[in-house]
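The values are calculated or read from the model by the stated rules, or taken from the named source; none is laboratory data. If you're wondering where the values come from, they're calculated on a predicted model, not measured in any experiment. Glycine gets a Cβ as well: all are built from the backbone with ideal geometry, and neighbour counts include every protein chain shown.
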Amino acid sequence: MPEPPIAVTALAGLLLATVAITARWRWPATAAAAVFLVDYTAALWLADARVSIAGAAGFGLALLYLLESLDLAGRVHRATVDTAVIRSHLGRWTGFGAATLGAAGLLVAVASALAAPMPPAVAPILAAAGALGVVAIIAVFVTRAAARPSTRPKP
């Protein structure tokens, strides 16, 4: 049985998610995702549990699916959507989820193999280099997306 503050916070997140689903508003869905993230963090902290990369990746994917599905529902509301469109989105989300979990598993395996012979003083430097590498990759994607011409018709 979870601690009462954890259960209350989770119920608040469920209430926000319910409002987002019924009203098709994005702000309660974003707030629900934030509440769920805080609740997950607090549950790990109170339980003094080790962080599992697979569990964290699965939780993050669940939040992503919540936000993506609510966004899709809001966009297709009162529109005729072919079944192929929904299947395409579900297939893309499933492929993204499988790739994310596979990449997380591969990175954990590589990190475990590299961490064994490494002196403890080097670990923070490598962690900082890894974080800078992730930021650099994100910057490249954002720069490429910004450089691409818009496909929207101009009024």
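Residues in segment 2-22 that are surrounded by fewer than 12 Cβ atoms within 10 Å (Cβ to Cβ) and either closer than 19 Å to Leu70 by Cβ or in contact with a helix residue (DSSP H, G or I) (Cβ under 8 Å, 6 or more places away or on another chain) (or both): Thr22 only.
I need the full set of residues from segment 40-60 which are surrounded by 11 or more Cβ atoms within 10 Å (Cβ to Cβ) and among the small types (Gly, Ala, Ser), in order please.
Of segment 40-60, the ones surrounded by 11 or more Cβ atoms within 10 Å (Cβ to Cβ) are 40-44, 46-47, 52-60.
Within segment 40-60, Ala42, Ala43, Ala47, Ser52, Ala54, Gly55, Ala56, Ala57, Gly58, Gly60 meet the criteria.
Restricting Leu90, Leu67, Leu37, Leu44 to residues that are assigned to a helix (DSSP H, G or I) and over 20 Å from Leu11 (Cα atoms) narrows the list to Leu90.
Among the candidates Leu37, Leu63, the residue that is crowded, with 16+ Cβ neighbours inside 10 Å, at pLDDT 85 or above, closer than 24 Å to Val134 by Cα and not assigned by TED's automatic domain parsing to the domain that holds Val134 is uniquely Leu63.
Give the residues of segment 1-24 that are closer than 14 Å to Leu37 by Cβ, touching a residue at least 24 places away in the same chain (Cβ under 8 Å) and of a type in the set (A, V, I, L, M, F, W, C), sorted by residue number. Selection gives Ile6, Ala10, Ala17.
Looking at Leu64, Leu90, Leu72, just one residue is under 12 Å from the mean Cα position of the chain (by Cα), within 27 Å of Asp39 (Cβ to Cβ) and not charged (D, E, K, R), and that residue is Leu64. The residues of segment 70-104 that are surrounded by 11 or more Cβ atoms within 10 Å (Cβ to Cβ) and of a type in the set (Asp, Glu) amount to a single one, Asp71. All of Ala98, Ala54, Ala84, Ala109 fail the test of being touching a residue at least 24 places away in the same chain (Cβ under 8 Å), more than 16 Å from Ala29 (Cβ to Cβ), assigned to a helix (DSSP H, G or I) and assigned by TED's automatic domain parsing to the domain that holds Ala34, apart from Ala54.
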